[in-house]
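All remarks here apply to the structure that follows.
Throughout, read-outs are computed from the coordinates displayed, never taken from laboratory work. Everything numeric in this text was worked out from a predicted model, so none of it was measured. All Cβ positions, even for glycine, are placed from backbone atoms using ideal geometry, and neighbour counts span all protein chains on display.
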Amino acid sequence: MTIEATPTHLRDEQGPFFGEFGGRFMPESLIAALDELSAAYDVAKADPEFHRELAELHRTYTGRPSIITEVPRFAEHAGGARILLKREDLNHTGSHKICNVLGQALIAKRIGKTRLIAETGAGQHGVATATAAALFGMECVVYMGEVDTERQALNVARMRLLGATVIPVTTGTRTLKDALNEAFRDWVANVENTHYLLGTVAGPHPFPVMVRDFVKVIGEEARQQVIDLTGALPDAVVACVGGGSNAIGIFHAFLDDPDVALHGFEAGGDGVDTLRHAASITMGRPGVLHGSRSIMLQDEDGQTVDSHSISAGLDYPGVGPEHAWLASIGRATYTPVTDAAAMQAFRLLCQTEGIIPAIESAHALAGAIELGRTLGEKATILVNLSGRGDKDVETAGAYFGVLDAGAGA
Amino acid sequence: MTGARVVESPVASAIEATRQNRAGALIGYLPVGFPTLDESVDAAVALVENGVDVLELGIPYSDPVMDGPVIQKATQASLDGGFRLRDAFTAVERIRARVDAPVLLMTYWNPVVQYGVGRFADDLVSAGGAGLITPDLTVDSGADWLAESDRTGLDRVFLAAPTSTDERLRLAVENSRGFVYTVSTMGTTGARAELGAAAETLVGRLRSVGSVRACVGIGVSTPEQIAEILGYADGAIVGSALVRALADDGVAGVARLTARLASGTAR
């Protein structure tokens, strides 16, 4: 069976603005490239051949559709609610990031770009971009905060094995936001042959819309899969939120289903009562960062404030404009989850279900546990398991003290 | 040149004045609060005393996507030293008390948004500032700044890039007041050994859509480059080279470099 969404049209937003959020605040040098990209994307979007090519890649390379897995032993700890995981961790390269990357790489090819650059936090987007560059025979440079290259050393090696150049960024806070700055600087200088393959639903128009369109396949698949399994829509859809790509990916198909609650879980770090967190929507306020108007962590003068999370992929002081809009109109709810709660959920999924999640996704799992306890056993909760935890084994091993002495050396 | 033109903007006046006996204007950039607030004021004054016609004072910002390593390092040092937005108005006021040259602030957009665009404009007027250069705000995204600068009479300098379409160049020219910031080359701020032909081509395109004052910046660091630029443009903008001189040799060093650069404006 299928269930028709009520036609309230929240899904129809095409930018550049989502309510008061979005837009394009960028150096003039890059406007022509953004216009070129917008035009190429509009053409591709209307071209059945483009969609056929992308779908074929997803079928034969990514491994789509990804499955959903019901996790009853985990759910016992979540008030007995029915919990279903959308298994983006099973995608080629290990996360949902490949969906956006393959879409943009095809666009880059269409406009004749031969060089891909990307920013990365946890390294998942960098790995996915390096993968696409290898697949399409393009040059690839990935900018990664120096702090992140240290805590995600394995992904740095993966990118290099795939033939990419990884450049540690040593400016600012040396994390994801500074990697974005450095990627924009590269793009300004090399825009003629280079596509900036931005990894989340942030940045100047058309990135928030285009990236959303490439990841919304997650929710489109999941919505039908849940209906096929349970005969109904889920009561809640849950995802972690850093920049917000996996969350918008699973939310989007449900935006016009008013009975489905949408919950984004931000990185609460040491707690939002401390200064060490990355809960942009919970604790931030509107402003302009990285090319769009959204909500971000900033001081009184508008200087971006350092964020913190145990998860490199969520360690970003901003969030995509569509999320800022969904929060402002009350369509989605955003709540912080601490490092400690995320790590407990991480271990719980490992030990009850035999699935090692990415620490990013563990924030969504922790949120689902709390939500399940509130909603009770009649509820069905769909969780986006956005990535796998192989990259996090060292961090988690150290956190739980399960590394043998010398094993990590 | 055909006689007197009506000039309302102080920056335009300063640039026009250089037509009397020089090849064009020298515009110098320094960030506020580097190495300290006091020294940044002294250094800006030294720039004017040694031949800079228009000052461009940079407001340090946490995420400066148009800046190269030299300016990034200096603005980060200013932020680490406790720079606050109000220091920019203090600096403008103190500089204007000592020298006559008009002072533009160069700022990324979020600090202005957070301060309040109208309040920012009012406080800049009170401090004696001339206007803003906005590296990440283009005309099509700047409706509130267009309104506030019209209300207060402040100058607004938009950027033109080699990649801009003619339509966008026209937008920048028609909405800029003071001059149009002509981006010499694709890339971030920082000295370059050679400037390509792109800047001259771009100034030509700006002229053809009606630009009266086009000043060229990004990568300019020698009196020879300045002389070359002033062969086709109305001003040359130097930033990173001055910042480096200030970092390495203090106020005296930046004064010496300015005097040398100013020799490039001779006709």
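Structural remarks
- For segment B:24-265, size of Cβ-based charge dipole, Lys and Arg +1, Asp and Glu -1, in debye: 140 debye
- Nonlocal amide H pairs with A:Leu85, under 5 Å, H built at 1.01 Å: A:Thr69, A:Glu70, A:Val71, A:Val383
- Fraction of antiparallel bridges per DSSP, chain A only, in percent to nearest 5: 30 percent
- Rounded to the nearest 5, the antiparallel percentage of DSSP beta bridges internal to segment A:209-313 is 55%.
- Along segment A:378-395 the Karplus relation, 6.51 cos²θ - 1.76 cosθ + 1.60 evaluated at θ = phi - 60°, assigns HN-Hα couplings of 7, 7, 10, 10, 9, 10, 7, 7, 6, x, 9, x, 3, 5, 9, 4, 5, 4 Hz to successive residues, with x for each Gly and Pro.
- Other-chain or far-sequence residues with amide H under 5 Å of A:Gly203's (modelled H): A:Ser292
- Once you reduce segment B:195-267 and segment B:13-28 to the center of their Cα atoms, the two points are 12 Å from each other.
- Between B:Arg213 and B:Val180, the built amide H atoms are under 5 Å apart, and every one of these is 5 or more places off in sequence or on another chain.
- Fraction of alpha-carbon pairs over 26 Å apart in segment B:24-265 - percent: 31 percent
- Projecting label points 7 angstrom from Cα along Cα→Cβ for A:Glu300 and A:Leu161 puts them 5.1 nm apart.
- Listed by chain and number, the lysines whose C-alpha is less than 19 Å from the C-alpha of A:Lys45, apart from same-chain residues fewer than 8 away, are A:Lys109, A:Lys113, A:Lys216.
- Positive-end residue, segment B:24-265 charge dipole about Cα centroid, Cβ charges, pick of B:Gly116, B:Thr265, B:Val251: B:Thr265
- Relative counts (whole %) of C-alpha pair distances in segment A:44-133, using bins that are 5 Å wide: 3, 13, 19, 18, 16, 12, 8, 6, 4, 2, 0
- In sequence order, segment A:234-240 has phi-based couplings of x, 7, 8, 10, 10, 8, 7 Hz under the Karplus curve 6.51 cos²θ - 1.76 cosθ + 1.60, θ = phi - 60°, and Gly or Pro positions carry x.
- Exposed loop sites are taken as GluC sites (Glu not before Pro) in a DSSP loop (any state but H, G, I, E or B) with at most 10 other beta carbon atoms within 10 Å; the longest stretch of chain B without one runs B:9-193.
- Equivalent-ellipsoid semi-axes for segment A:1-95 (Cα gyration tensor, √(5λ), whole Å, largest first): 35, 21, 17.
- One decimal place: the segment A:Gln344-A:Gln224 gains 40.2 nm when fully extended, by the rule 0.36 nm per residue minus the C-alpha distance.
- Centre-to-centre, using Cα atoms only, segment A:23-59 and segment A:157-224 are separated by 14 Å.
- Looking at segment A:250-409, the pairs of alpha carbons with a distance over 26 Å make up 31% of the total.
- From the Kirkwood radius over Cα pairs of segment B:110-208, Stokes-Einstein at 20 °C and 1.002 mPa s returns a whole-number translational diffusion coefficient of 148 µm²/s.
- Here segment B:24-265 carries DSSP beta bridges of which approximately 5% are antiparallel, counting only pairs with both residues inside.
- In segment A:132-202, GluC sites (Glu not before Pro) in a DSSP loop with at most 16 other beta-carbon atoms within 10 Å: A:Glu192
- Computed on segment B:1-133, the Cα convex hull volume stands at 120 Å³ per residue.
- Taken over chain A, the ratio of Cα radius of gyration to 2.2 N^0.38 Å equals 0.90.
- Annotation: Cα Rg of segment B:90-150 relative to the compact-globule expectation 2.2 N^0.38 Å equals 1.12.
- Pairwise label distance in nanometres, B:Thr152 with A:Ala39, each label 7 Å out on the Cα-Cβ vector: 3.7 nm
- Per-residue ellipticity at 222 nm, computed for the protein assembly as shown from helices alone with -39500 (n - 2.57) per DSSP H run of at least four residues, works out to -13500 deg cm²/dmol.
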